[in-house]
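Undergrad: Have a look at the structure that comes next, please.
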Amino acid sequence: MRTLLMSVNFNYIIFINTALLLLPFSSDARDIEITPFIGQMFSSDLVTSQGSIDLAVNDATNYGLAIAWQDSPKGQGQILLNTVSHNFISTTDLQVHSFDVTYLHFSGVAQFKQQSYVSTVSLGIGGTFFETDNKDKIYPSVTVALGTRYELSSNFAIVTELRGYASYIEEDNQLFCQGTTCHALLENSMWLEGSISVGFAVKF
């Protein structure tokens, strides 16, 4: 169960990103765009508390939503929300343990258009929210992506994307620990994930 503190922290991240989203509305932003998407997420492994054995984390389906605005003829501002649920088998109790990872980022998207086909490159900064059986925690993170979009009309497009995430994790993280029992640790102060996704963009 999420703690009140983590909920407040996550709401704070949402507030900051929403504020960033609203900034362009007071200037020359045009063409608000909403893109729901689905994909497959691939993650780095966890390790045992002794750090001697890798614990495989399953690949899982991710779901997300992007809200963007046309900030210039060749660029967008974007708020990106993406969530995935993973699991692993602990060597401590030989049970399956699950955890959720939610990303929230503010990104800039460069667009390279050729008729109805558009290539995109994006870079973003934000936060990663981990929710495990024992603890909840927010860490800073960045994201980078390469994408394509095929515009069916001036208001609709099919979007595909290859995206990577990197989250900075404290070395003494205890996300998967309860008391003196640790089922797993995040290794090397960095959590890495990659995703392949497809979505449908609607422009207003």
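The values are calculated or read from the model by the stated rules, or taken from the named source; none is laboratory data. Computed from a predicted structure; not experimentally measured. Heads up, the Cβs are rebuilt from the backbone with ideal geometry, glycines too, and the neighbour counts pull from every protein chain shown.
Undergrad: Does SER116 count as under 17 Å from VAL159 (Cβ atoms), modelled with pLDDT under 95 and either under 16 Å from the mean Cα position of the chain (by Cα) or among the small types (Gly, Ala, Ser) (or both)?
TA: Values: under 17 Å from VAL159 (Cβ atoms): yes; modelled with pLDDT under 95: yes; either under 16 Å from the mean Cα position of the chain (by Cα) or among the small types (Gly, Ala, Ser) (or both): yes.
Yes: the conditions hold for SER116.
Undergrad: Those residues that are modelled with pLDDT under 95 and either of a type in the set (A, V, I, L, M) or not in a strand (DSSP E or B) (or both), I need them from region 119-137; list them, please. Talk me through it step by step, then tell me what you get.
TA: Our first condition is that a residue be modelled with pLDDT under 95; within region 119-137, this holds for 130-137.
THR132, ASP133, ASN134, LYS135, listed by residue number.
Undergrad: Does GLY147 qualify as being over 27 Å from GLN50 (Cβ atoms), of a type in the set (Gly, Ala, Ser) and touching an Asp or Glu at 6+ places or on another chain (Cβ under 7 Å)? Please lay out each step first, then the result.
TA: Values: over 27 Å from GLN50 (Cβ atoms): yes; of a type in the set (Gly, Ala, Ser): yes; touching an Asp or Glu at 6+ places or on another chain (Cβ under 7 Å): yes.
So GLY147 fits the description; yes.
Undergrad: Take the residues of region 38-73 that are hydroxyl-bearing (Ser, Thr, Tyr) and more than 18 Å from the chain's Cα centre (by Cα): which is modelled with the highest pLDDT? Before the answer, list the steps.
TA: Initial filter on region 38-73 (hydroxyl-bearing (Ser, Thr, Tyr)): 43-44, 48-49, 52, 61, 63, 72.
Restricting the remaining residues to those that are more than 18 Å from the chain's Cα centre (by Cα) gives 48-49, 52, 72.
Working: THR48: 83, SER49: 75, SER52: 70, SER72: 90.
Result: SER72.
Undergrad: Just to be sure I understand, how many residues within region 69-101 are more than 22 Å from CYS177 (Cβ to Cβ) and touching a residue at least 60 places away in the same chain (Cβ under 8 Å)? Walk me through how you get there before you give the answer.
TA: Kept after step one, since they are more than 22 Å from CYS177 (Cβ to Cβ), are these residues of region 69-101: 69-83.
Remaining after also requiring touching a residue at least 60 places away in the same chain (Cβ under 8 Å): 79-80, 82.
Of the residues in that region, 3 qualify.
Undergrad: Applying the selection to region 82-116, what residues are surrounded by fewer than 19 Cβ atoms within 10 Å (Cβ to Cβ) and within 15 Å of ALA201 (Cβ to Cβ)?
TA: GLN111, LYS113, SER116
Undergrad: Then there's this: Restricting the search to region 164-189, which residues are buried (at least 18 other Cβ atoms within 10 Å of the Cβ) and either hydroxyl-bearing (Ser, Thr, Tyr) or without any contact (Cβ under 8 Å) to a residue 40 or more places away in the chain (or both)?
TA: TYR165, SER167, ILE169, ASN173
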